[in-house]
Amino acid sequence: MTITARQVAADVLNRSRSRDGFVAELIDDAPGSANLSPQDRRFLTQLVFGVTRRAGTLDAILKPFIQLPLHAVQPRVWDLLRLGAFQLTFLTHVPKHAAVNETVELAPYVGAMKAKGFVNGIMRRVSELVTDEFTDKPGADAVPIDHRYRKLARAILPDPVTDPAGYFAAAFSFPPWLANRWLERYGPDECTRLGFWFNAPPPLWIRVNKLHASRESYRIQLAGQTIDAEPGEHPQSLRFPEHHPIRDLPGYAEGDFAVQDHSSMLVASALGVKPGMHVLDVCAAPGGKTTHLMELMDNRGKITACDIDPKRLETVTTLCQRLRVKGVETVVLDAKGDLPVGLFDAALVDVPCSNTGVLGRRPEVRWRLKPNEFEHLIRLQTRLLILASERVKPGGAVVYSTCSIEPDENEGVVKAVCRGMRSMSLEAEGHAVPGRPSDGGYWARLRRG
């Protein structure tokens with residue numbers, strides 16, 4: 001029996017709801033996904049990431065047409081309704097009749113044969129609601145898509161003038177607490193820009209492995225296969241205007257590049273490592289920054305790469321092998337997270353964080369993150385930065401980094417540690433703003449006196 005992209009998408013969404021993993025991993029692990037054609041696999045990715053990103057908007061569109069108590073709708077049927085509504089609202093290349101009919105036919109596949117009529121009725125109402133008109137202005141009858149707004153036949157969203165937080169949450173699909181938090185800090189115009197950025201597929205960036213090639217020589221290699229790539233601000237960075245299967249790019253097996261966002265490349269460079277150093281990498285997995293550090297050290301020196309998850313640490317070793325990076329020793333930390341003994345020339349502390357700078361790349365985070373988690377995260381981040389600072393020799397540097405855009409996780413933690421540890425002083429810091437040109441994040445370099 002041939003499996004379809006829509007069936008695999010329904011299964012992945014079901015597993016994602018159970019928090020079995022990030023959707024990118026679940027797509028790769030999904031039974032049947034490997035047998036899809038390249039075109040169907042792209043469609044699968046578009047469906048899963050799109051439904052996950054836009055779940056809040058999809059629910060706002062669906063709820064007016066559901067007469068049952070919402071809790072009475074089976075979770076897997078909700079998945080189908082979202083899949084269908086996503087195709088009708090956000091995918092202009094899928095004919096409406098196909099979106100409706102294919103969604104209805106998924107009901108038996110997910111074990112909900114009796115729900116076919118229910119799904120059919122809702123899909124037809126959504127089909128009537130979504131028009132083929134577009135506008136440049138937000139409104140209670142306008143859904144943001146591709147830097148413009150798709151008109152609805154009637155107003156179903158909160159009014160953006162009288163309820164800007166409600167509109168941002170529903171139209172751009174963010175939890176209300178995060179919508180309120182960002183509107184207070186950024187204002188409506190910047191929130192709109194962030195909303196469009198986080199709801200679009202993130203660009204593909206790679207870091208050219210300077211141990212093997214220069215950026216320009218690798219770019220010429222790409223051009224030889226008619227693959228376009230643009231240099232970024234970081235001297236090892238290349239951005240692809242179009243997406244490409246990573247393993248099909250030239251030099252993948254030889255380790256000529258690593259996939260890494262531009263903002264992440266700035267972090268290892270900020271540490272200012274030199275050949276021969278012994279560096280402590282506190283939260284090393286999956287290894288992008290670890291391997292970058294060793295590239296910057298010309299493969300001469302030692303890195304002690306730590307993490308509490310042994311499986312994730314295996315990805316560090318695998319990446320080192322592909323990039324032919326030497327001198328990296330992995331260390332599994334105990335449950336208390338105590339760091340290896342000894343003094344190091346420098347340390348990198350890329351801490352667990354809210355991930356609010358990478359919500360486009362990790363779309364499920366916006367729904368999993370809760371406002372009460374910040375207190376725990378900040379305590380953990382502060383502890384890790386203090387422990388790493390204690391492991392660095394006098395005169396040595398510590399770089400603290402996050403992929404968060406929340407000030408309390410970023411400069412707030414750094415200021416608190418500098419106040420509490422008189423031996424540590426802030427030397428430099430950088431804020432990566434989402435979409436300018438890549439993911440959001442933060443780094444700070446501290447120096448031990």
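The values are calculated or read from the model by the stated rules, or taken from the named source; none is laboratory data. Remember, predicted model here, so these are calculated numbers, not experimental data. Every residue, glycine as well, gets a Cβ built from its backbone with ideal geometry; the counts of neighbours run over all protein chains shown.
The residues of region 153-174 that are buried (at least 21 other Cβ atoms within 10 Å of the Cβ) and either modelled with pLDDT under 95 or not in a loop (DSSP other than H, G, I, E, B) (or both), listed by number, are A165, Y167, F168, A169, A170, A171, F172. Return a yes/no flag: does region 111-132 have any residue that is assigned to a loop (DSSP other than H, G, I, E, B) and under 26 Å from R15 (Cβ atoms). Yes, the conditions are met somewhere in region 111-132. I'd like to know if region 76-97 contains one or more residues that are in contact with a Gly (Cβ under 8 Å, 6 or more places away or on another chain) and farther than 29 Å from A155 by Cβ. Scanning region 76-97, I find at least one residue that is in contact with a Gly (Cβ under 8 Å, 6 or more places away or on another chain) and farther than 29 Å from A155 by Cβ, so the answer is yes.
Considering only region 280-292, I want to know if a residue exists there that is more than 25 Å from P437 (Cα to Cα), in a loop (DSSP other than H, G, I, E, B) and small (G, A, S). Among the residues of region 280-292, not one is more than 25 Å from P437 (Cα to Cα), in a loop (DSSP other than H, G, I, E, B) and small (G, A, S), which makes the answer no. In this structure, does P176 turn out to be free of Cβ contacts under 8 Å to residues at least 12 places away in the same chain and not hydrophobic (A, V, I, L, M, F, W, C)? It is true that P176 is free of Cβ contacts under 8 Å to residues at least 12 places away in the same chain and not hydrophobic (A, V, I, L, M, F, W, C). Working only within region 43-72, note down all residues that are modelled with pLDDT of 95 or more, part of a loop (DSSP other than H, G, I, E, B) and surrounded by fewer than 22 Cβ atoms within 10 Å (Cβ to Cβ). Result: I66, single match. Filtered by the rule that a residue be of a type in the set (D, E) and free of Cβ contacts under 8 Å to residues at least 60 places away in the same chain, region 256-287 gives a lone residue, D256.
Take R324 and decide whether it is assigned by TED's automatic domain parsing to the domain that holds T382, more than 25 Å from the chain's Cα centre (by Cα) and of a type in the set (D, E, K, R). Criteria met by R324. Would you be able to say whether some residue in region 139-148 is assigned to a helix (DSSP H, G or I), surrounded by 16 or more Cβ atoms within 10 Å (Cβ to Cβ) and not assigned by TED's automatic domain parsing to the domain that holds I405? Checked region 139-148: no residue is assigned to a helix (DSSP H, G or I), surrounded by 16 or more Cβ atoms within 10 Å (Cβ to Cβ) and not assigned by TED's automatic domain parsing to the domain that holds I405. Between S263, S237, the distinction of being under 27 Å from H431 (Cα atoms) and either out of contact with any His (no Cβ under 7 Å at 6 or more places or on another chain) or modelled with pLDDT under 95 (or both) belongs to S263 only. Taking the criterion of being assigned to a helix (DSSP H, G or I) and over 21 Å from H244 (Cβ atoms), the residues of region 20-34 that qualify are L26, D29. Of the residues examined, V399 is not one that is hydrophobic (A, V, I, L, M, F, W, C) and under 30 Å from T192 (Cβ atoms). Within region 25-42, the residues that satisfy the criterion of being loosely packed, with under 15 Cβ neighbours inside 10 Å and either at pLDDT 90 or above or under 19 Å from P202 (Cβ atoms) (or both) are E25, D28, S37, Q39, R42. For region 313-323, name all the residues that are surrounded by fewer than 16 Cβ atoms within 10 Å (Cβ to Cβ) and of a type in the set (D, E, K, R). Result: E314, single match.
Residues that are over 24 Å from Q7 (Cβ atoms), in contact (Cβ under 8 Å) with a residue 12 or more places away in the chain and either among the hydrophobic types (A, V, I, L, M, F, W, C) or in contact with a Phe, Trp or Tyr (Cβ under 7 Å, 6 or more places away or on another chain) (or both): does region 95-103 have at least one? No: zero hits.
Residue-by-condition table, conditions (1) under 24 Å from I246 (Cβ atoms); (2) touching an Asp or Glu at 6+ places or on another chain (Cβ under 6 Å); (3) touching a residue at least 24 places away in the same chain (Cβ under 8 Å):
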residue	(1), (2), (3)
E314	yes, no, no
L319	yes, no, yes
R322	yes, no, yes
V325	yes, no, yes
W367	no, no, yes
N372	no, no, no
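Considering A428, A432, the condition of being modelled with pLDDT of 95 or more and closer than 22 Å to F196 by Cβ is satisfied by A432 alone. Sub-8 Å Cβ pairs linking a first residue in region 23-37 that is closer than 18 Å to R53 by Cβ to a second residue that is small (G, A, S) and buried (at least 20 other Cβ atoms within 10 Å of the Cβ), at least 6 apart or interchain, are V23/S16; L26/S16; I27/S33, ordered by first then second residue.
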